[in-house]
Amino acid sequence: MSRPSAGTVRWWWVRHAPLDQPHQIAGQADVPLATPWPGSSAQLTAARLPTRALWLASPLSRTRETAARLAALVPAAPAEAETDPRLMEQHFGAWQGHSYAGLEDAGDPHLAPFWADPAGTAPPGGESFAALCRRVAEAVEDWSRREVGDRDIVCVSHAGPIRAAVAQALSLSPAAALSLDIAPLSLTRLDRIPSPDGPVWAVGWVNRIP
């Protein structure tokens, strides 16, 4: 295992803008953003973001579009964010494109075991939130180690990965992390600080709403 790079890495996590169908289980389906674009909220979020940062996003269009629109409002921001599939939302398998209410009305037999352990149970054909937490933690460590020195990373992602990042910083269980509310275009700031015993985290904001 490579040694952690020296320097504090400031992670600026932004959830994508609102979806066209907010009650739909989007997961890793490529669903569109709502219209019109929430310009005033985006401007307030962009005003808090650092200049000359590395920009990341998940490969899904809703995060890439949000990143591009925000970056256009931030001096020296790149026109296009780098993408990493480990930053994608939880895969909800057969439930993607449906709603929980619709699944309940249809009598889906997988709902009861899922609600009994929503962090550890995977939807049919999908992944568990605990598995998402592991891949997000791996991505955070990989990107944090890539360069030396203090730096900023703006990461436009989804509610699930942002909950996972907070869980990593605060040593929360996946089940506890699911209690976090992460609103569209909200900002979460997590600083990874090197130390002789390994990185420590400082939490600035969680779910700061424009």
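The values are calculated or read from the model by the stated rules, or taken from the named source; none is laboratory data. These numbers were taken from a predicted model, which means no experiment stands behind them. Cβ: placed from backbone, ideal geometry, glycine included. Neighbour counts: every protein chain shown. Accessible surface is based on the protein model in full, side chains and every heavy atom, while ligands, DNA and RNA are left aside. Shrake-Rupley method; radii C 1.70, N 1.55, O 1.52, S 1.80 Å.
Quick rundown of the values:
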read-out	value
For the stretch 92-139, alpha-carbon Rg relative to the globular expectation (2.2 N^0.38 Å, N residues)	1.22
Point-to-point label distance, Arg52-Ala116, nm (Cα→Cβ direction, 7 Å offset)	5.5
Hull volume in cubic angstrom per residue (convex hull over the Cα atoms of the stretch 118-210)	108
Cα-only radius of gyration and Dmax that characterise the stretch 13-64, units Å	12.2, 36
Residue-averaged [θ]222 nm for the chain, counting only DSSP H segments that reach four residues, each worth -39500 (n - 2.57)	-8500 deg cm²/dmol
Cβ-defined net charge surrounding Leu132, 10 Å radius [Lys, Arg +1; Asp, Glu -1]	+2
Point-to-point label distance, Glu104-Ala137, nm (Cα→Cβ direction, 7 Å offset)	3.2
The chain - convex hull of alpha carbons, volume per residue in Å³	114
The stretch 161-210: Rg to Rh, with Rh as the Kirkwood radius over Cα pairs	1.01
With Cα atoms, 0 to 90° folded angle of helix 61-71 axis to the chain main axis	30
Gyration tensor verdict on the stretch 1-103 (Cα atoms; rounded if a/c is under 1.5, prolate if a/b is larger than b/c, oblate otherwise)	oblate
Glu80-Leu170 pseudo-label distance in nm [points 7 Å out on the Cα-to-Cβ vector]	3.7
Interatomic Cα distance distribution for the stretch 43-96, bins of 5 angstrom, percent	4, 21, 26, 20, 14, 6, 5, 3, 0
Per residue value of the accessible surface for the chain (all protein chains in place, 1.4 Å probe), Å²	47
The chain - percent of accessible surface contributed by carbon and sulfur, probe 1.4 Å	53
Net lengthening on full extension, Ser40/Arg208 (0.36 nm per residue, minus Cα-Cα)	59.0 nm
Cβ charges +1 (Lys, Arg) and -1 (Asp, Glu), total dipole of the chain, debye	720
Using θ = phi - 60° and Karplus 6.51 cos²θ - 1.76 cosθ + 1.60, couplings along the stretch 127-132 (whole Hz; Gly, Pro as x)	10, 7, 5, 4, 5, 4
Helix axis angle, 159-170 relative to the chain longest principal axis, alpha carbon, degrees	50
